[in-house]
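Participant: Got a structure for you, written out below as structure tokens; questions coming shortly.
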Amino acid sequence: QLDDYQNNIWQAPTGTIRLTYRFREDTHAYWKYTHGWKSGHYNATSSLFEGVTVAKPEQIDAWEVGLRGAWFNGRITLDGSLFYYDSKDYQIFTVSQSIEGPEFVVLNANDARVYGSELDATARPWAGAFFEVRFGWLDSRFLDFTQIQLQRKQVGLSSFTVRREVDNSGHHTLNAPKYKVSLVVEQSVPLARYGTMTARYDGAWTDDTFYDATEGRGLPNGQDIKFMPGTTIGQNAYWIHNVRLAYRTPDGRIELAGWCRNLTNKAYKTFAFDGSTFNNTTIYFVGDPRTYGVT
């Protein structure tokens with residue numbers, strides 16, 4: 001309909017200031033400030049009650065300090081950083097309940113902040129060996145976020161829809177585990193004139209992850225009670241293990257590799273949302289099961 005037509009022009013300046021101090025050619029420290037911006041977003045929902053909704057542009061002020069270096073002719077490298085992000089009108093991709101059912105939309109949280117650190121270390125201690133460890137720590141929370149949800153209520157033979165406020169202030173942001181660790185171990189063994197065999201292991205551990213702003217507990221019921229167990233709309237901490245064994249010809253032109261991903265066949269959620277207030281259900285997207293093959 002013509003009345004639903006909307007037009008906006010969103011624009012804002014962005015930029016970065018960076019200072020670098022070099023202790024020597026292969027080692028330096030840095031400080032960086034960035035002002036970032038993301039355009040607004042239209043939610044062309046199917047709900048006649050809600051109509052077209054708009055998420056406002058997001059702004060972010062980001063500060064970061066770090067150290068990068070390589071030593072012993074590059075056999076050991078280190079990349080570490082500390083960061084702090086302050087966001088206004090923070091945009092989140094989530095599920096909103098409408099009269100017609102749940103819908104994927106982009107919403108604004110008034111304020112959000114993120115701080116944490118990252119560390120990436122590699123080592124090549126002997127010929128053919130490679131080790132890598134990555135560690136991430138993150139504390140990411142909504143400072144001010146009240147979400148409007150629609151809920152259907154039944155009184156006798158009549159049903160009606162009410163709007164309710166769900167205060168998520170202080171909760172963790174979506175899909176932001178507090179800790180994450182990944183490992184790589186690789187060893188190549190020369191077979192003289194017959195080529196090279198290489199064995200590789202990749203492992204990743206992910207802390208508890210929430211896929212909605214209620215920190216995985218879902219929306220409260222009609223008595224305003226959060227009845228779902230923790231991380232129902234989330235995923236408990238888990239490991240994923242991958243292995244690979246490859247043979248390469250002496251000239252390096254042909255490689256034959258066998259591999260297995262998700263070696264332990266771990267079942268884990270990659271996304272989830274709560275449809276309990278209307279459909280009495282929850283919906284999960286799951287990761288790939290154990291997969292193996294030859295390349």
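Participant: Return the total of residues in region 244-295 being assigned to a strand (DSSP E or B) and closer than 30 Å to ALA213 by Cβ.
Facilitator: 11
Participant: So, in region 137-159, of the ones that are over 30 Å from PHE83 (Cα atoms) and β-branched (Val, Ile, Thr), which residue ends up modelled with the lowest pLDDT?
Facilitator: In this case the residue turns out to be VAL155.
Participant: Go through region 179-193 and give me each residue that's of a type in the set (S, T, N, Q) and more than 24 Å from PRO250 (Cβ to Cβ).
Facilitator: Within region 179-193, just SER182 meets the criteria.
Participant: Give the residues of region 260-283 that are open to solvent by 80 Å² or more (accessible area, probe 1.4 Å) and at pLDDT 90 or above, sorted by residue number.
Facilitator: ARG261, THR264, ALA267
Participant: Might you check whether a residue that is modelled with pLDDT under 85 and in a loop (DSSP other than H, G, I, E, B) occurs anywhere in region 170-182?
Facilitator: No, that holds for no residue.
Participant: Is it true that VAL162 is at pLDDT 90 or above, in a strand (DSSP E or B), over 30 Å from the mean Cα position of the chain (by Cα) and hydrophobic (A, V, I, L, M, F, W, C)?
Facilitator: no
Participant: A further question follows. Kindly provide the set of residues from region 9-60 that are at pLDDT below 90, of a type in the set (S, T, N, Q) and surrounded by 11 or more Cβ atoms within 10 Å (Cβ to Cβ), ordered by number.
Facilitator: Hits for region 9-60 are ASN43, THR45, SER47, THR53.
Participant: Would you please name the residue that is nearest to ALA121 (Cα to Cα), looking only at residues in region 191-200 that are at pLDDT 95 or above and surrounded by fewer than 16 Cβ atoms within 10 Å (Cβ to Cβ)?
Facilitator: Looking at residues that are at pLDDT 95 or above and surrounded by fewer than 16 Cβ atoms within 10 Å (Cβ to Cβ), I get ALA199.
Participant: GLY203: at pLDDT below 95 and open to solvent by less than 30 Å² (accessible area, probe 1.4 Å), yes or no?
Facilitator: So GLY203 fails the test.
Participant: Let me ask you something else. Just to be sure before I move on: is ARG244 modelled with pLDDT of 95 or more, in contact with a Ser or Thr (Cβ under 6 Å, 6 or more places away or on another chain), farther than 26 Å from ASN108 by Cα and open to solvent by 40 Å² or more (accessible area, probe 1.4 Å) in the structure I sent?
Facilitator: So ARG244 does not fit the description; no.
Participant: With the checklist (1) assigned to a strand (DSSP E or B); (2) closer than 21 Å to ARG200 by Cα; (3) open to solvent by 70 Å² or more (accessible area, probe 1.4 Å) in hand, flag the one item ALA127 doesn't pass.
Facilitator: With respect to (1) assigned to a strand (DSSP E or B); (2) closer than 21 Å to ARG200 by Cα; (3) open to solvent by 70 Å² or more (accessible area, probe 1.4 Å), ALA127 is out only on (1).
The values are calculated or read from the model by the stated rules, or taken from the named source; none is laboratory data. These numbers were taken from a predicted model, which means no experiment stands behind them. Glycine gets a Cβ as well: all are built from the backbone with ideal geometry, and neighbour counts include every protein chain shown. Each accessible area value is taken on the protein alone, full model and side chains, heavy atoms only, with ligands, DNA and RNA left out. Shrake-Rupley method; radii C 1.70, N 1.55, O 1.52, S 1.80 Å.
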